[in-house]
1. Just how large is the dipole of chain B about the Cα centre, in debye to the nearest 20, putting +1 at every Lys and Arg Cβ and -1 at every Asp and Glu Cβ?
2. Residue-wise, which Karplus ³J(HN,Hα) couplings in Hz belong to the stretch A:250-265, taking 6.51 cos²θ - 1.76 cosθ + 1.60, θ = phi - 60°, and x for glycine or proline?
3. In the stretch A:11-67, which trypsin sites (Lys or Arg not before Pro) are in a loop and have at most 11 other Cβ atoms within 10 Å, using DSSP for the loop call?
4. Using θ = phi - 60° and the Karplus relation 6.51 cos²θ - 1.76 cosθ + 1.60, list the HN-Hα couplings for the stretch B:154-161 in order, rounded to whole Hz, with x at every Gly or Pro.
5. Just add up the charged neighbours of residue A:177: K/R +1, D/E -1, any other residue whose Cβ is under 11 Å from the Cβ of residue A:177.
6. Using θ = phi - 60° and the Karplus relation 6.51 cos²θ - 1.76 cosθ + 1.60, list the HN-Hα couplings for the stretch A:163-172 in order, rounded to whole Hz, with x at every Gly or Pro.
7. Take the alpha carbon gyration tensor of the protein assembly as shown, find the square roots of its eigenvalues, order them as a ≥ b ≥ c, and report rounded if a/c is under 1.5; if not, report prolate when a/b exceeds b/c, else oblate.
8. Any idea how far apart residue B:301 and residue A:238 come out in nm if each label point goes 7 Å out from Cα toward Cβ?
Protein chains: 2
Amino acid sequence: MPRLLILSKQADKYNKLIDEAKLPQLELVSTSSVTEAGSTGAGCEIVFGEPSLIRKVLPALTNLHWVQSTWAGVEPLLDPSLRRDYALTNARGVFGELMSEYVFGYLLAHERRIFERYQAQQERRWDNAVTGMLRGKTIGLLGVGSIGAHLAATAKHFRMTVRGYTRASEDCPDVDVYYHGDELLEFARGLDYLVSVLPNTSVTHHIVNANLLNSLPSYAIFINVGRGSAVDETALVEVLETGKIAGAVLDVFEQEPLPQVHPFWTTPNLLLTFHTSAPSLPEDLAFLFAENYLRFINGEELKYRVDFERGY
Amino acid sequence: MPRLLILSKQADKYNKLIDEAKLPQLELVSTSSVTEAGSTGAGCEIVFGEPSLIRKVLPALTNLHWVQSTWAGVEPLLDPSLRRDYALTNARGVFGELMSEYVFGYLLAHERRIFERYQAQQERRWDNAVTGMLRGKTIGLLGVGSIGAHLAATAKHFRMTVRGYTRASEDCPDVDVYYHGDELLEFARGLDYLVSVLPNTSVTHHIVNANLLNSLPSYAIFINVGRGSAVDETALVEVLETGKIAGAVLDVFEQEPLPQVHPFWTTPNLLLTFHTSAPSLPEDLAFLFAENYLRFINGEELKYRVDFERGY
């Protein structure tokens with residue numbers, strides 16, 4: 001009978017949801033306390049929860065087989081000094097829809113001049129200047145995993161052209177053209193919108209640098225919903241201050257929360273959100289766990305397995 | 001050999017586009033001047049352009065068979081004192097995509113708290129409050145013609161539930177439930193978003209009244225991209241001022257441009273745009289004309305025929 005430790009700030013919610021799912025054979029322990037987890041959860045084969053908490057209890061888990069993360073990013077568990085003798089799966093497939101709402105919400109706010117129209121309203125000014133539109137525009141996706149695939153589908157719904165930059169994969173039917181390796185600047189040229197959904201790995205570190213940003217047209221908008229480490233923040237401030245690109249929207253940063261003295265707070269044409277683009281919804285994640293649990297007890301391959309070396 | 005009069009503020013653009021389409025047999029006259037149109041265009045069988053201009057030249061057109069409007073709304077030509085001895089077709093099918101970008105742009109701005117997040121940025125405040133989402137919400141469409149059908153398709157893309165209120169038709173596959181006649185309040189109950197795409201007719205006059213607005217939940221958002229006459233503006237101000245609904249976005253008004261003294265400029269939780277939701281794009285409209293012209297010379301039924309009595 002497999003024992004599951006739920007270790008999460010939302011332990012109560014997850015406990016209720018997983019209990020209601022009536023998963024076969026499962027025995028359940030849940031807590032939001034690392035100390036408690038280290039004692040009552042020590043013998044559990046399975047752990048479900050936040051990587052930042054799980055990291056602290058990792059040495060105490062004597063019978064660990066599988067960790068299901070509630071986050072997409074599992075950086076706290078990738079530290080080379082930590083054990084890797086278990087299957088680590090992350091949250092994937094559940095963020096695409098919300099990311100898509102975020103990205104297209106901000107792109108539409110830009111095209112529709114939502115802030116400018118509001119300004120006109122404040123001034124009692126009938127501002128009927130024609131707006132832009134998504135239709136016919138070209139979006140470039142840095143990374144085409146499950147989130148990128150969702151963004152591509154929404155872009156196609158709005159009749160856009162989609163470019164994808166990936167390591168090797170070319171399996172998303174909504175991407176019109178793929179780019180790889182040293183084709184990064186070619187990928188960027190002529191893009192209306194550049195969206196990074198890249199995870200934090202050594203390969204993606206500062207991939208959005210001065211070179212890449214300067215290859216974008218002056219009317220381009222950059223959006224980052226992946227990880228802050230993918231962006232050279234100094235280079236981004238520079239291109240925004242000099243008007244080399246039209247604007248940017250950032251949900252993630254090299255340091256979070258963003259330090260009070262960071263130039264981003266006042267960089268022109270930059271909109272900040274605060275790691276809110278795709279909240280982890282307990283219902284989505286409990287469903288994802290349940291799906292993978294059935295695979296686990298049936299001896300099938302787990303979905304969303306993380307490669308410790310690759311980092312995602 | 002059919003003769004076409006293009007009478008439009010954008011006559012030059014339309015002339016070029018229709019000339020390039022190399023339509024068979026067509027002879028072309030184009031102008032933006034009503035006076036000139038009355039002389040050089042008098043013998044034309046076909047007129048393509050803005051209803052407001054065409055109205056003025058209507059008596060001089062001795063050989064008129066067909067008018068293709070560049071607008072969706074053809075009110076200037078519906079005056080009962082005017083002749084109706086010709087086929088009138090309006091612009092349809094071309095606004096759906098742009099309307100959809102507008103409506104979902106504003107719905108996402110609401111759910112994503114785009115204005116509030118910007119305020120937080122101004123205050124250097126890490127505002128990571130969870131946002132709302134479109135997924136799972138219910139949208140009600142007042143009117144399900146070609147624009148409504150586009151809105152329904154986008155709503156489905158975002159996994160929403162779609163209700164449609166129509167006179168009789170039930171032919172849009174993306175509408176989950178239809179309502180008709182006296183089911184208006186039932187249609188409104190529980191809606192997250194109410195969107196009017198209704199034309200200006202005697203039947204739709206002030207259909208969005210105090211009764212209907214008060215049937216909406218307090219968290220509902222109302223958007224009007226149809227015609228201003230569908231809304232009882234006094235009732236809308238009242239429900240917004242008393243917080244009976246959460247907000248509204250208006251692109252159209254009973255009087256346009258909106259008078260400087262109108263309460264809408266400062267009504268709480270109301271965003272105004274200025275008849276910009278779906279600009280008439282010359283490329284789209286020239287294509288629409290060309291399509292209908294081929295039907296005309298082949299003796300086929302014209303698309304988008306307006307019923308003078310019904311008003312659309």
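1. On the way: 28 positive and 38 negative charges, 93 e Å.
That gives a dipole near 440 debye.
2. My calculation for the stretch A:250-265 gives 10, 9, 9, 9, 5, 10, 10, x, 4, x, 4, 8, 5, x, 4, 4 Hz in order.
3. Numbers: sites: A:13, A:16, A:22, A:55, A:56; in loops: A:22.
Counting only loop positions with at most 11 other Cβ atoms within 10 Å, the trypsin sites (Lys or Arg not before Pro) in the stretch A:11-67 are A:22.
4. 5, 4, 5, 4, 8, 6, 9, 9
5. Working: positive: A:163; negative: A:170, A:176, A:183, A:186.
The answer is -3.
6. 10, x, 10, 9, 5, 8, 5, 9, 9, 9
7. Numbers: a/c = 2.27, a/b = 1.89, b/c = 1.20.
Note, shape of the protein assembly as shown comes out prolate.
8. According to this spin-label approximation, the distance is 6.4 nm.
FYI, it's all coordinate maths here, none of it is from the lab. Fair warning: this is a prediction, and the values are worked out from it, not measured in the lab. Cβ: placed from backbone, ideal geometry, glycine included. Neighbour counts: every protein chain shown.
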